[in-house]
Amino acid sequence: ELIEEYLQLQKELFNHFDDSDGLMGDVFREATELWLDAAADLRAIQPEACNWSTKVKQLYDQNDYGCQDQLLPNANQLLSQDELQQLAWHYEKEQRTALKAPHPDDVLYNSQAAHARLGLHGVGIALEDFSLIEKSLLLSSPKPNDMQLFTLVQSGIGLQVWDRVEHWLQPKFWSN
């Protein structure tokens with residue numbers, strides 16, 4: 001609970017202090033890792049202490065400053081395969097909904113869709129399911145640009161899905 005209270009201070013602190021050097025962000029990233037370790041230990045002792053999936057989702061949803069970016073990719077330390085799969089379904093549905101929702105013409109960035117895309121990508125890493133990582137990208141960008149392809153290939157290398165890495169490395173996908 002103390003770590004969670006600390007993580008709630010992000011907005012307050014980032015709005016009042018300069019973090020150009022990234023040190024404050026590093027401290028919050030470490031606190032997120034500590035929370036995940038502590039939650040996994042607590043769950044082993046008291047599995048019903050709280051709804052862990054909901055707690056992970058809440059923390060991810062409060063990730064305005066990117067300090068909890070590694071929460072979902074490492075959530076397999078805390079959540080079961082079924083719980084992670086439910087989160088994947090949630091973020092896929094959220095992404096599809098956000099992409100269908102009308103938004104003002106002057107808004108070029110769909111933050112809701114991006115948040116859900118990153119959520120689905122993170123859960124894909126936790127599940128070691130490259131198809132979820134592909135889906136997270138292709139729902140928003142059916143024709144990925146080179147930077148998106150690079151991220152996709154990196155994820156595939158990390159998961160050692162060589163056939164999919166080879167697929168995405170084909171010259172027909174790349175502009176450069």
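The values are calculated or read from the model by the stated rules, or taken from the named source; none is laboratory data. Keep in mind it's a predicted model, so treat the numbers as computed, not measured. A quick note on method: Cβ atoms are made from the backbone with ideal geometry, for glycine too, and the neighbour counts reach across all protein chains shown. In case anyone asks, the SASA skips ligands and DNA or RNA and just uses the protein heavy atoms, side chains included. Shrake-Rupley method; radii C 1.70, N 1.55, O 1.52, S 1.80 Å.
Among the residues of the stretch 74-87, those identified as open to solvent by 20 Å² or more (accessible area, probe 1.4 Å) and farther than 25 Å from Phe14 by Cα are Asn76, Gln77, Ser80, Gln81, Asp82, Glu83, Gln85, Gln86.
Anything in the stretch 142-152 that is open to solvent by less than 60 Å² (accessible area, probe 1.4 Å) and within 17 Å of the chain's Cα centre (by Cα)? List them, or say none. Those that are open to solvent by less than 60 Å² (accessible area, probe 1.4 Å) and within 17 Å of the chain's Cα centre (by Cα): Gln148, Leu152.
Every condition in (1) open to solvent by 80 Å² or more (accessible area, probe 1.4 Å); (2) part of a helix (DSSP H, G or I) is met by Leu138 except one, and the failing one is (1). Can you tell me which residue in the stretch 26-35 is most open to solvent (accessible area, probe 1.4 Å), limited to those that are of a type in the set (D, E, K, R) and touching a residue at least 24 places away in the same chain (Cβ under 8 Å)? Per the criteria, the residue is Glu33. When the stretch 58-73 is filtered for residues that are at pLDDT 95 or above and either surrounded by fewer than 18 Cβ atoms within 10 Å (Cβ to Cβ) or of a type in the set (Lys, Arg) (or both), only Pro73 remains. Scanning the stretch 76-102 for residues that are hydroxyl-bearing (Ser, Thr, Tyr), assigned to a helix (DSSP H, G or I) and within 15 Å of Thr54 (Cα to Cα) gives a single hit, Tyr91. Among residues of the stretch 43-61 that are without any contact (Cβ under 8 Å) to a residue 60 or more places away in the chain and part of a helix (DSSP H, G or I), those with a Cβ under 7 angstrom from a residue that is among the polar types (S, T, N, Q) and open to solvent by less than 50 Å² (accessible area, probe 1.4 Å), sequence gap 6+ or separate chain, pair up as Leu59/Gln68.
Out of curiosity, is Ala38 closer than 17 Å to Leu72 by Cα, open to solvent by 40 Å² or more (accessible area, probe 1.4 Å) and either touching a residue at least 12 places away in the same chain (Cβ under 8 Å) or in a helix (DSSP H, G or I) (or both)?
Details: closer than 17 Å to Leu72 by Cα: yes; open to solvent by 40 Å² or more (accessible area, probe 1.4 Å): yes; either touching a residue at least 12 places away in the same chain (Cβ under 8 Å) or in a helix (DSSP H, G or I) (or both): yes.
The answer is yes for Ala38.
Name the single residue that is modelled with the lowest pLDDT among those in the stretch 108-128 being open to solvent by 50 Å² or more (accessible area, probe 1.4 Å), within 20 Å of Gln148 (Cβ to Cβ) and over 12 Å from the mean Cα position of the chain (by Cα). Among those residues, the one meeting the criterion is Leu108. Taken together, the residues in the stretch 1-27 that are of a type outside the set (D, E, K, R), at pLDDT 85 or above and within 19 Å of the chain's Cα centre (by Cα) amount to 1.
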